[in-house]
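Read the structure below first, then the notes.
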Amino acid sequence: GSFSVFLPLQLFGTIVWILVASTRVPLPVLQGWVMFVAVTAWFLSIVFLSVFLFGYANKIAVNWNQADFIFHGATFVFYFGAFLLQAATTSLHHFPRKFNSTAQERILSGHEYNISIAASV
(Lines give C-alpha, C1' and ligand atoms only; values in the text may rest on other atoms or scores of the structure.)
Protein backbone atom coordinates (compact mmCIF):
# COMPACT_ATOMS: atom_id res chain seq x y z
CA GLY A 1 0.00 0.00 0.00
CA SER A 2 2.73 2.46 0.93
CA PHE A 3 4.71 1.79 -2.25
CA SER A 4 2.24 3.88 -4.22
CA VAL A 5 3.12 6.87 -2.01
CA PHE A 6 6.85 6.29 -1.55
CA LEU A 7 7.79 6.01 -5.21
CA PRO A 8 6.29 9.36 -6.31
CA LEU A 9 7.85 10.95 -3.21
CA GLN A 10 11.25 9.64 -4.33
CA LEU A 11 10.75 10.67 -7.94
CA PHE A 12 9.51 14.19 -7.30
CA GLY A 13 11.98 14.77 -4.46
CA THR A 14 14.83 13.87 -6.81
CA ILE A 15 13.44 16.18 -9.49
CA VAL A 16 13.28 19.07 -6.98
CA TRP A 17 16.94 18.45 -6.04
CA ILE A 18 18.00 18.54 -9.67
CA LEU A 19 16.00 21.64 -10.55
CA VAL A 20 17.00 23.74 -7.54
CA ALA A 21 20.64 22.65 -7.76
CA SER A 22 20.79 23.59 -11.46
CA THR A 23 20.21 27.29 -10.73
CA ARG A 24 22.68 29.78 -9.25
CA VAL A 25 20.67 29.69 -5.98
CA PRO A 26 20.21 33.47 -5.66
CA LEU A 27 18.62 33.29 -2.20
CA PRO A 28 20.56 30.61 -0.29
CA VAL A 29 18.49 30.84 2.89
CA LEU A 30 15.20 30.19 1.09
CA GLN A 31 16.44 27.64 -1.39
CA GLY A 32 18.66 26.01 1.24
CA TRP A 33 15.50 25.17 3.17
CA VAL A 34 13.89 23.80 -0.01
CA MET A 35 16.91 21.54 -0.55
CA PHE A 36 16.96 20.50 3.12
CA VAL A 37 13.30 19.47 2.96
CA ALA A 38 13.73 17.60 -0.34
CA VAL A 39 16.89 15.76 0.77
CA THR A 40 15.59 14.93 4.25
CA ALA A 41 12.21 13.71 2.99
CA TRP A 42 13.94 11.63 0.31
CA PHE A 43 16.33 10.05 2.81
CA LEU A 44 13.67 9.38 5.47
CA SER A 45 11.31 7.85 2.94
CA ILE A 46 14.11 5.47 1.87
CA VAL A 47 14.62 4.51 5.54
CA PHE A 48 10.87 4.12 6.07
CA LEU A 49 10.52 2.00 2.94
CA SER A 50 13.50 -0.15 3.95
CA VAL A 51 11.83 -0.92 7.27
CA PHE A 52 8.96 -2.49 5.34
CA LEU A 53 11.01 -4.15 2.60
CA PHE A 54 13.40 -5.89 4.98
CA GLY A 55 10.72 -7.03 7.43
CA TYR A 56 11.71 -4.84 10.37
CA ALA A 57 8.11 -3.63 10.62
CA ASN A 58 7.14 -7.00 12.08
CA LYS A 59 9.92 -6.82 14.69
CA ILE A 60 9.29 -3.26 15.89
CA ALA A 61 6.15 -2.74 18.01
CA VAL A 62 4.86 0.46 16.41
CA ASN A 63 1.46 1.36 15.01
CA TRP A 64 2.71 1.54 11.42
CA ASN A 65 -0.53 2.98 10.06
CA GLN A 66 -0.26 5.90 12.46
CA ALA A 67 3.49 6.29 11.80
CA ASP A 68 2.81 6.31 8.04
CA PHE A 69 0.09 8.92 8.45
CA ILE A 70 2.27 11.15 10.65
CA PHE A 71 5.28 10.81 8.35
CA HIS A 72 3.37 11.71 5.21
CA GLY A 73 1.43 14.46 6.98
CA ALA A 74 4.65 16.06 8.20
CA THR A 75 6.22 15.61 4.77
CA PHE A 76 3.25 17.38 3.21
CA VAL A 77 3.53 20.32 5.62
CA PHE A 78 7.29 20.71 5.04
CA TYR A 79 6.98 20.33 1.27
CA PHE A 80 4.18 22.91 1.21
CA GLY A 81 6.38 25.34 3.13
CA ALA A 82 9.24 24.60 0.73
CA PHE A 83 6.88 25.25 -2.19
CA LEU A 84 5.99 28.66 -0.77
CA LEU A 85 9.66 29.60 -0.37
CA GLN A 86 10.56 28.38 -3.85
CA ALA A 87 7.58 30.23 -5.33
CA ALA A 88 8.64 33.39 -3.45
CA THR A 89 12.15 33.07 -4.88
CA THR A 90 10.73 32.58 -8.36
CA SER A 91 8.48 35.64 -8.04
CA LEU A 92 11.53 37.87 -7.48
CA HIS A 93 13.09 37.02 -10.85
CA HIS A 94 12.62 40.49 -12.35
CA PHE A 95 14.58 42.31 -9.60
CA PRO A 96 18.21 43.19 -10.27
CA ARG A 97 20.86 40.99 -8.65
CA LYS A 98 22.55 44.06 -7.09
CA PHE A 99 20.38 47.09 -6.41
CA ASN A 100 23.23 49.61 -6.53
CA SER A 101 24.72 48.27 -9.76
CA THR A 102 24.23 49.78 -13.20
CA ALA A 103 24.22 46.30 -14.76
CA GLN A 104 20.81 44.89 -15.48
CA GLU A 105 21.60 41.33 -14.40
CA ARG A 106 18.49 39.79 -12.92
CA ILE A 107 18.22 37.57 -9.84
CA LEU A 108 17.17 34.72 -12.13
CA SER A 109 17.94 34.51 -15.83
CA GLY A 110 15.14 33.48 -18.17
CA HIS A 111 16.30 29.85 -18.15
CA GLU A 112 16.68 29.79 -14.36
CA TYR A 113 13.25 31.37 -14.03
CA ASN A 114 11.73 28.48 -15.98
CA ILE A 115 13.64 25.96 -13.89
CA SER A 116 12.42 27.63 -10.68
CA ILE A 117 8.83 27.47 -11.90
CA ALA A 118 9.23 23.74 -12.52
CA ALA A 119 10.83 23.27 -9.07
CA SER A 120 7.92 25.14 -7.47
CA VAL A 121 5.38 22.92 -9.17
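The values are calculated or read from the model by the stated rules, or taken from the named source; none is laboratory data. Bear in mind that the values here come from a model prediction, so they are computed numbers and not experimental data. A quick note on method: Cβ atoms are made from the backbone with ideal geometry, for glycine too, and the neighbour counts reach across all protein chains shown. For accessibility, only protein heavy atoms count, side chains too; no ligands or nucleic acids. Shrake-Rupley method; radii C 1.70, N 1.55, O 1.52, S 1.80 Å.
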* Asked: Given H placed 1.01 Å from N in the peptide plane, which residues other than close sequence neighbours of R106 have an amide H under 5 Å from its amide H?
  -> R97
* Asked: At a Förster radius of 25 Å, what calculated FRET efficiency corresponds to the Cβ-Cβ distance of N65 and T14, to the nearest 0.05?
  -> 0.40
* To do: Might you work out the accessible area of T40 for me, using a 1.4 Å probe with all protein chains in place, and round it to the nearest 10 Å²?
  => 50 Å²
* To do: Let me know the Kirkwood hydrodynamic radius for the range 1-61, please, with Cα pairs as the basis and the value in Å to one decimal.
  => 12.9 Å
